[in-house]
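Notes follow the structure.
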Amino acid sequence: MSNAVSALQGATSEGFAMITEAGLRGMITLRGDLSSAKLKKAVKSAAGVDVPAQRACNSAGAKAVAWMSPDELLVMVPYAEVVDATSRLAKALEGEHALAVNVSDARAVFTIEGEGGREVLAKLSPVDLSREAFTTGMFRRTRLAQAAVAFWLRDETTFELVCFRSEAQYVFDALSMSAKPGSEVGFL
Amino acid sequence: MLILECPYCGVKAEETELHGGGQAHIKRETVGSDDDAFEHYLFTRANPRGVHLERWRHANGCGKWFHAARDTTTLEVFGTYSAQTYVPPKAIIDAITAKRPDWSLNDWQGAT
């Protein structure tokens, strides 16, 4: 089997926030009826957390489940477990109108760490990132400059962000530029 | 800047997160319809100065289509609602007529 590598192989950039390409992450797109008991149970056993509320991301350790749309979830597991987890999800949802697909290699993951993280994203996305409006555990699909992304606040000073793998370099460059020392706005 | 609240994910999305889909509530003419009706369906669109019902897609977001009622000149938004409907819900019509008492859905559908 080929040796899987992430899009930017762990590239980092340090500005007033630390931008890191987070390496390989197992990601499963799960579509189906989010209110179905069968689906809730399958998600819980695959990721160890409950189906999140609207625009939220539930995480526990290396696993997480994020709310993508009224009929879509993003299930995150360690990369080594993703093939297994996908087939277990698919099996658990047999007979349901649902679909689980492994999209790990189609995506790139970034972390934005530091007090300035909110500002780095606020410069690039049309999202209210104030401390009152965007709290820990919130998840938001939006755009980052010209690219479609989704990000969530893992803890008070750490954002995680996913984008399409083909746009990884663009997103990394945009984030790095936004975090350039001396370009702090100081509003958030 | 136009800001619409997506009824599916509850995000107050600004224009750059959305993609416009033109006039809402168009009846699709298909097999069995006459040429005039088909031509009307294909090419004739209301282009009102004032209240308009439109389709929008939350493209950089949840990806769902929804409907919006707004004023094309003032950008005032009367409300957004589900795409799974042929006519605007009563709450939307009430919100429009509260501000524009002489507006009616029939006139809008007949406007060109």
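Nothing in this text is a laboratory measurement; each read-out follows from the coordinates by a stated rule. Just so we're clear, the structure is a prediction, and the values are computed from it rather than from any experiment. Every residue, glycine among them, receives a Cβ derived from its backbone with ideal geometry; neighbour counts consider all protein chains shown.
Mean separation of Cα pairs under 8 Å and 6+ residues apart, divided by the residue count of chain B: what relative contact order is that in percent?
In percent, rounded to a whole number, it is 25.
Counting only the backbone N, which residues of segment A:147-188 are under 15 Å from the spot 7 Å out from the Cα of A:E14 toward its beta-carbon?
A:180-182
Quick one: length gained pulling A:A53 to A:N3 fully straight, 0.36 nm per residue minus the C-alpha distance?
Here the segment from A:A53 to A:N3 would lengthen by 14.4 nm.
Considering the protein assembly as shown, which cysteines have no disulfide-compatible partner, defined as another cysteine with its Cβ under 4.7 Å away?
Cysteines lacking a close Cβ partner in the protein assembly as shown: A:C57, A:C163, B:C6.
Take the alpha carbon atoms of segment A:101-134, find their center, do the same for segment A:23-63, and report the distance between the two centers in whole angstrom.
Here the two parts' Cα centres lie 19 Å apart.
Once both axes come from the Cα atoms, what is the angle between helix A:82-92 and the longest principal axis of chain A, in degrees from 0 to 90, rounded to 10?
40 degrees
Return a single number: how many Lys pairs in the protein assembly as shown, at a sequence separation of 8 or more or on separate chains, have alpha-carbon atoms below 13 angstrom apart.
4
At a Förster radius of 22 Å, what calculated FRET efficiency corresponds to the Cβ-Cβ distance of B:W65 and B:I3, to the nearest 0.05?
Details: r = 18 Å, r/R0 = 0.81.
The calculated FRET efficiency here is 0.80.
Using +1 at the C-beta of Lys and Arg and -1 at the C-beta of Asp and Glu, which of B:A91, B:T72, B:F43 has the Cα lying farthest in the positive direction of the dipole of segment B:3-110?
B:A91
Once label points are set 7 Å from the Cα along Cα→Cβ at both B:H40 and A:K91, what is their separation, rounded to one decimal in nm?
It is 5.8 nm.
Over chain A, what is the mean sequence separation of C-alpha contacts under 8 Å (at least six apart), divided by residue count, expressed as relative contact order in percent? Kindly include the intermediate steps, with their values, before the conclusion.
On the way: 395 pairs, mean separation 46.8, N = 188.
Taking the mean separation of contacting Cα pairs over the length of chain A, I get 25 percent.
Which order results if B:I96, B:I26 are arranged by neighbouring Cβ count within 10 Å, fewest first?
Fewest-to-most ranking of B:I96, B:I26: B:I26, B:I96.
Starting from the 7 Å offset along Cα-to-Cβ, what nm value, one decimal, do you get for the label separation of A:A133 and B:R28?
3.7 nm
About its Cα centre, what dipole magnitude does chain B give when the only charges are +1 on Lys and Arg Cβ and -1 on Asp and Glu Cβ, stated in debye to the nearest 20?
The dipole magnitude comes to about 340 debye.
Per the helix-only calculation at 222 nm, which mean residue ellipticity applies to the protein assembly as shown, given -39500 (n - 2.57) for every DSSP H run of n ≥ 4 and division by its residues, nearest 500 deg cm²/dmol? Show your work: numbers first, answer last.
On the way: 7 runs with 64 residues, N = 300.
Theoretical 222 nm ellipticity from helices: -6000 deg cm²/dmol.
Under a Cβ-only charge scheme (Lys and Arg +1, Asp and Glu -1), can you give me the dipole magnitude of segment A:29-157 about the Cα centre, in debye to the nearest 20?
Details: 17 positive and 16 negative charges, 40 e Å.
Roughly 200 debye, rounded to the nearest 20.
Which shape class, rounded, prolate or oblate, goes with chain B when its Cα gyration tensor gives a ≥ b ≥ c as root eigenvalues, a/c under 1.5 marks rounded, and past that a/b bigger than b/c marks prolate? It would help to have the intermediate numbers written out before the result.
Numbers: a/c = 1.90, a/b = 1.31, b/c = 1.45.
The shape class here is oblate.
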